[in-house]
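The values are calculated or read from the model by the stated rules, or taken from the named source; none is laboratory data. None of the values given here were measured: they were computed from a predicted structure. Cβ placement follows ideal geometry from the backbone for every residue including glycine, while neighbour counts extend to all protein chains displayed.
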Amino acid sequence: MSQGKADTRRQTRWLRAAQQRGGPMRLLWPVSLLYRSLIALRRRLYAMGVLRVHRLEVPVIVVGNVVLGGAGKTPCTIALVNHLVSRGWRPGVVSRGHGRQGADATPVHANASAADVGDEPLLIHQRTGVPVCVAARRVDAARALLAAHPQVNVLVCDDGLQHLALGRDLAIVVFDDRGVGNGWLLPAGLLREPWPPAPGSPFRPDLVLRQSREGQPGQPVDAHGLPVFDALRRLATHALGPQGQRVPLAQLRGQALTATAGIARPEVFFSMLRESGLVPEQEIPLPDHADATAYAELLRHPADVVVCTEKDAVKLFPLLPADGTRQAWAVPLELAPDPAFFAAVEARLAAVTAGR
């Protein structure tokens with residue numbers, strides 16, 4: 001696990017440095033100007049039709065972020081999909097399936113391997129029950145999903161903001177407590193694209209969702225007139241086991257715990273556990289989208305009870321011994337957007353469907 005720890009430490013150091021305009025980031029700033037130029041050229045080519053934007057027969061909602069490193073787009077996707085289902089829509093979800101093996105369009109089912117479909121698409125399917133399909137090209141995933149599930153009447157694209165080939169009818173940008181970091185583009189800062197977007201610029205997003213933890217107000221976001229909504233992010237008061245068991249989180253207090261998280265910012269999960277009253281004896285950060293070998297190595301450590309995120313659980317739970325000699329629990333992350341956010345989404349969908 002030493003290599004994984006080293007990768008995680010490097011990632012953490014860079015994410016922290018990109019919050020400031022210090023010496024290392026200043027050295028990288030000229031490279032970020034080249035990156036900005038390439039982004040602008042690519043957008044112009046799509047806007048002019050030189051590169052093709054594929055429009056589909058159903059509305060497409062894109063959920064993404066403009067900052068690197070886990071701003072909370074997957075929890076937003078899950079919350080949005082579950083809301084759409086509650087309102088009578090029949091959504092499907094498409095994704096690239098980061099870190100998976102293969103590139104072809106692949107449907108996601110409840111017992112799929114994260115290595116085949118990606119950890120986040122598998123989690124989305126398990127949490128929502130709606131059809132999910134992954135492919136290297138999101139357009140291919142969308143077409144395969146609609147062909148297999150003709151009842152789907154709205155598509156949600158998880159993490160597709162910078163992927164312009166799939167036409168979108170509504171684009172949602174998610175921010176977390178870091179805001180825009182130091183305000184510079186990669187590799188000198190966190191930004192994947194320039195922010196804020198100028199009014200009238202091609203592929204300008206439609207809505208901004210600003211996430212914050214309980215007791216910690218969200219960072220101000222300059223959105224140049226875009227509607228900004230807030231969402232509260234917190235850990236659930238229960239944990240889930242490998243067979244769907246559900247226990248109060250308080251029941252784990254006082255136990256010998258090892259906490260692990262293979263997400264972009266593991267320290268955030270560890271901090272939220274401590275705020276919930278759990279005090280792990282070990283905190284083992286893993287690289288984002290860590291593969292199964294990292295979790296297998298984790299299980300060779302002393303037999304503490306393991307607590308992890310749901311994203312980790314889709315890879316960790318299948319590795320647990322069948323005899324139940326190792327306990328592991330996943331603590332869900334809950335996202336509660338302002339009801340006005342959902343109302344804005346529904347208003348846009350109503351306008352799009354009426355126009356068609």
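Just need a number here: residues in segment 262-308 that are within 17 Å of the chain's Cα centre (by Cα) and within 16 Å of P248 (Cα to Cα).
The number of residues fulfilling the criteria is 1.
How many residues does segment 182-229 hold that are out of contact with any strand residue (DSSP E or B) (no Cβ under 6 Å at 6 or more places or on another chain) and part of a loop (DSSP other than H, G, I, E, B)?
As a first pass, look at segment 182-229 and keep what is out of contact with any strand residue (DSSP E or B) (no Cβ under 6 Å at 6 or more places or on another chain): 182-184, 186-189, 192-204, 212, 215-217, 219-220, 222, 224-225.
Those still in the list that are part of a loop (DSSP other than H, G, I, E, B) too: 182-184, 186-189, 192-204, 215-217, 219-220, 222, 224-225.
The qualifying residues number 28.
How many residues does segment 1-19 contain that are of a type in the set (G, A, S), at pLDDT below 75 and surrounded by 18 or more Cβ atoms within 10 Å (Cβ to Cβ)?
Our first condition is that a residue be of a type in the set (G, A, S); within segment 1-19, this holds for 2, 4, 6, 17-18.
With the extra rule that they be at pLDDT below 75, the set shrinks to 2, 4, 6.
Next, only the ones that are surrounded by 18 or more Cβ atoms within 10 Å (Cβ to Cβ) stay: 4.
So the count comes out to 1.
Given the condition outside any strand (DSSP E or B), touching a strand residue (DSSP E or B) at 6+ places or on another chain (Cβ under 8 Å) and of a type in the set (V, I, T), answer yes or no: does some residue in segment 171-179 qualify?
no
Find the helices (runs of 4 or more DSSP H) located wholly in segment 20-126 whose residues include 3 or more that are surrounded by 14 or more Cβ atoms within 10 Å (Cβ to Cβ), polar (S, T, N, Q) and touching a residue at least 40 places away in the same chain (Cβ under 8 Å), and list them.
Values: elements: 23-48, 73-86, 114-117.
Helices (runs of 4 or more DSSP H) meeting the threshold: 73-86.
Output the residues belonging to segment 301-336 that are out of contact with any strand residue (DSSP E or B) (no Cβ under 6 Å at 6 or more places or on another chain) and hydroxyl-bearing (S, T, Y).
Result: T325, single match.
Could you list all residues from segment 287-305 that are out of contact with any Lys or Arg (no Cβ under 7 Å at 6 or more places or on another chain) and within 16 Å of A328 (Cα to Cα)?
Filtering segment 287-305 down to residues out of contact with any Lys or Arg (no Cβ under 7 Å at 6 or more places or on another chain) leaves 287-291, 293-294, 296-298, 300-302, 304-305.
Those that are out of contact with any Lys or Arg (no Cβ under 7 Å at 6 or more places or on another chain) and within 16 Å of A328 (Cα to Cα): A294, A296, E297, L298, R300, H301, P302, D304, V305.
Please name all residue pairs, on different chains or six or more residues apart, with Cβ atoms under 7 Å, provided the first residue is in segment 205-223 and is within 12 Å of V66 (Cβ to Cβ) and assigned by TED's automatic domain parsing to the domain that holds G179 and the second residue is among the hydrophobic types (A, V, I, L, M, F, W, C) and surrounded by fewer than 15 Cβ atoms within 10 Å (Cβ to Cβ).
Close Cβ pairs satisfying both conditions: none exist.
Could you check D169 against (1) touching a Pro at 6+ places or on another chain (Cβ under 7 Å); (2) modelled with pLDDT under 95 and say which number it fails?
Only one criterion is unmet by D169, namely (2).
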